[in-house]
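Okay, structure first, notes after.
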C-alpha cells in the first residue's frame, strides 16, 4: 500500500483512477478498493479528495495564496463534491 500512497502524493494534481492504483499493487479494482478501505478507513475517492483539500489548505497557508491562485495549480481539477 505504500507504493500506492506514494503514487497518490506524487500525482495529486492529475486525475486519479482506482484502476491505476489497483494496477500498481497488481489487484483487481474490487479487491483493491476493499483493501484500500480496510487500510485507510476511507474509500479511494474520499481519501484522494481529502489529500487534495489538505494540499490546497497547506498552499494557502504556507504561500499566502488566494483560492483563485490555488485553483490554477490544478489541485481542484478532479475534486468531486
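Just a few scattered comments:
- Based on Cα contacts under 8 Å between residues 6+ apart, segment 2-72 shows a relative contact order of 22 percent.
- Three-way shape label, segment 2-72, alpha-carbon gyration tensor, a/c 1.5: prolate
Just so you know, all these numbers are worked out from the coordinates, no wet-lab data involved. Remember, predicted model here, so these are calculated numbers, not experimental data.
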